[in-house]
Amino acid sequence: MDLRFQQAFDLTAHADEVQPAYWFYALFLGIGVGLLALAIVLMRHRLRRRKFTLAFAIFWLGFTSVFTFMDAREVLLIRDLIQRGDFAVVEGCLAYFHPGHSIPGRGDEGESWSVGGVRFRYGAGEIRPGYRLVEPGGGAVHADTRVRVSFVTSQVYQSNLIVKLDVAPHACPPAPDTGPRY
C-alpha cells in the first residue's frame, strides 16, 4: 500500500519557536501584584479584610511564581529535546478517537486518541507547546486517519506532546469513539 503522508504540524524544523508563554505568566503575576497593592492600601487605611487580602496576595504570588518557574523550565526542556532530536516516533491507524470541541471549555476534556499503544490528548485553547488543533476546529486527525507522530513526554503537562504530525487521510478503517480517555 502506497501511503502519501501530508505534513500537518512540525515543530522539529522550528524548535527555536518553542518559547514559554511569557504573556500568560505576566497576566497571573500582574494579578498578584495588584492584589498586593490592594492589601497595602487596605493596611494603610486600616480597613476590614486587610490581613486576609495580604495573606491571599502572598499565597497567589507564591503559587503563580512556582507554577511559572515549573512551566517555563518544562517548555525550555522540551525545546532542548526537540533541538537534539530526542523524541519518539509512532506510526499507524488509530485504536480509538474522540474528537474535541472547537470552543475551549466546552464539555469534555479535549480530543483524545491512541496509536501504537501511545495516548495523545489536547484541546483547543491550551497554552503549551505541541499540536493542539482539534478536529472540529480544522484539525488533521480524524477517526480514519493513519498518523506518524513524533512526540516528547512531559512530566509537568502529564501527557505526550506532539512535535511533528504527518497524516494519511482515509487510509484506515474508522476508529471507534469510546469517549474521552486520558
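The values are calculated or read from the model by the stated rules, or taken from the named source; none is laboratory data. Quick caveat: nothing in here was measured; it's all calculated off a predicted structure. No Cβ is skipped: glycine too gets one built from the backbone with ideal geometry, and neighbour counts run over all protein chains shown.
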**Item:** Residue list for region 1-17, restricted to those being touching an Asp or Glu at 6+ places or on another chain (Cβ under 9 Å) and either surrounded by 12 or more Cβ atoms within 10 Å (Cβ to Cβ) or among the aliphatic types (A, V, I, L, M) (or both)
**Value:** PHE5, GLN7, ALA8, PHE9, ASP10, LEU11, ALA15
**Item:** Residue list for region 94-113, restricted to those being in contact (Cβ under 8 Å) with a residue 60 or more places away in the chain and either buried (at least 19 other Cβ atoms within 10 Å of the Cβ) or touching a Pro at 6+ places or on another chain (Cβ under 7 Å) (or both)
**Value:** LEU94, TYR96, PHE97, HIS98, PRO99, ASP108, GLU109, GLY110, SER112, TRP113
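To keep it simple, each residue is scored yes or no on (1) of a type outside the set (S, T, N, Q); (2) over 30 Å from PRO173 (Cβ atoms); (3) in contact (Cβ under 8 Å) with a residue 12 or more places away in the chain.
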position	(1), (2), (3)
TRP23	yes, yes, no
GLY32	yes, yes, yes
MET43	yes, yes, no
ARG49	yes, yes, no
ALA55	yes, yes, no
SER65	no, yes, yes
MET70	yes, yes, yes
ARG79	yes, yes, yes
VAL90	yes, no, yes
**Asked** Which one of ARG148, ARG132 is closer than 27 Å to VAL66 by Cβ, charged (D, E, K, R) and surrounded by 15 or more Cβ atoms within 10 Å (Cβ to Cβ)?
**Response** ARG132
**Residue that is modelled with the highest pLDDT, among those in region 153-182 that are among the charged types (D, E, K, R) and closer than 17 Å to HIS98 by Cβ** = ASP177
**Message:** If I filter region 145-152 for residues that are at pLDDT below 85, within 13 Å of the chain's Cα centre (by Cα) and within 24 Å of ALA21 (Cα to Cα), do I get at least one hit?
**Reply:** no
**Request:** Kindly check whether there is at least one residue in region 168-175 that is surrounded by 21 or more Cβ atoms within 10 Å (Cβ to Cβ) and not acidic (Asp, Glu).
**Result:** no
**Item:** Lone qualifier among LEU76, LEU47 - being within 30 Å of VAL167 (Cα to Cα), outside the structural domain of LYS164 (by TED's automatic domain parsing) and surrounded by fewer than 17 Cβ atoms within 10 Å (Cβ to Cβ)
**Value:** LEU76
